[in-house]
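Notes for the one structure printed next.
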Amino acid sequence: MNFHTGSLAGAIAMHAQLPEEKLGIYIFGNLDHAELRHALIYKAFDLFALGGTRDWNAEFLTLYKNIDAANEKKQKDFEALRVMNTSTSLPLEAYAGKYTDPLYGELIITAENGKLRAVGNNFVKATLEHWHYDTFRGWFDKKWYGKGNLTFILGADGKIAKASFAGMEFSRIDK
């Protein structure tokens, strides 16, 4: 089987082929990450070529429920590590600025209404509240991305040297 999936904001696609059977199937949907697409592909292969009788819907439902449960546990475990009643090293406005990385591009941080706003390459956007120490946490604008963390690393001079956002590290360029 050859296949490839794709997801964009509000849309999914998947194509799959069984070359030996001369069968190709395309699935399109208007719901982001509608994982039913996998069950539909396998069921269509069973119906049109392979003759299988597996309940793909039930199998994928179990698979994704287990993935969701594992992710939920991971989030709860992470949130349990929060150290309450800490404060930032610097005033909120000191975190605002421009950060870059040759691979990840540009990250712009602004301070707005007691929160930080992070915009990566004018695409990945999140509003974050103080979490603990020099870490901020909050929802991405596209809620299906979940929550993100923004952690600042101070240099020996006490000024912000780097920011780590959504697993990417950026160096501050406007000190």
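The values are calculated or read from the model by the stated rules, or taken from the named source; none is laboratory data. Bear in mind that the values here come from a model prediction, so they are computed numbers and not experimental data. Don't worry about glycine lacking a Cβ; one is built from the backbone with ideal geometry, like all the others, and counts go over all protein chains shown.
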Next on the checklist: For the range 154-175: of the residues being free of Cβ contacts under 8 Å to residues at least 24 places away in the same chain, assigned to a loop (DSSP other than H, G, I, E, B) and of a type in the set (Gly, Ala, Ser), which is nearest to residue 124 (Cα to Cα)?
Outcome noted: 167
Checklist entry - What number of residues in the range 105-119 are modelled with pLDDT under 95 and at negative phi? => result 1
Next on the checklist: Give me the residue from the range 31-54 that is outside any helix (DSSP H, G or I) and of a type outside the set (Lys, Arg) and, out of that set, surrounded by the most Cβ atoms within 10 Å (Cβ to Cβ).
Outcome noted: 35
Next on the checklist: Given the criteria at pLDDT below 95 and loosely packed, with under 10 Cβ neighbours inside 10 Å, does residue 143 qualify?
Outcome noted: yes
Checklist outcome for this item: the range 97-145: strands (runs of 3 or more DSSP E) wholly inside it with 1 or more residues that are of a type in the set (Ser, Thr, Tyr) are 97-101, 105-112, 124-132, 135-139
Checklist entry - How many residues, within the range 56-90, are surrounded by 11 or more Cβ atoms within 10 Å (Cβ to Cβ) and either under 22 Å from residue 130 (Cα atoms) or of a type in the set (Phe, Trp, Tyr) (or both)? => result 11
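Filter the range 72-82 for residues that are part of a loop (DSSP other than H, G, I, E, B) and in contact (Cβ under 8 Å) with a residue 12 or more places away in the chain and give the result.
The one that is part of a loop (DSSP other than H, G, I, E, B) and in contact (Cβ under 8 Å) with a residue 12 or more places away in the chain: 82.
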Checklist entry - For the range 105-127, what are the residues that are surrounded by 15 or more Cβ atoms within 10 Å (Cβ to Cβ) and under 15 Å from the mean Cα position of the chain (by Cα)? => result 118, 119, 120, 124, 125, 126, 127
Item to check | Meets criteria (outside any helix (DSSP H, G or I), among the polar types (S, T, N, Q), in the same structural domain as residue 162 (by TED's automatic domain parsing) and without any contact (Cβ under 8 Å) to a residue 24 or more places away in the chain) for residue 85 | outcome: no
Checklist entry - Name the pairs: first residue in the range 115-143 and in contact (Cβ under 8 Å) with a residue 60 or more places away in the chain, second residue surrounded by 15 or more Cβ atoms within 10 Å (Cβ to Cβ), Cβ to Cβ under 9 Å, at least 6 apart or on different chains? => result 142/124; 142/125
Next on the checklist: Among the residues of the range 91-101, are any under 30 Å from residue 136 (Cβ atoms), in contact with a His (Cβ under 7 Å, 6 or more places away or on another chain), surrounded by 14 or more Cβ atoms within 10 Å (Cβ to Cβ) and in contact (Cβ under 8 Å) with a residue 40 or more places away in the chain?
Outcome noted: no
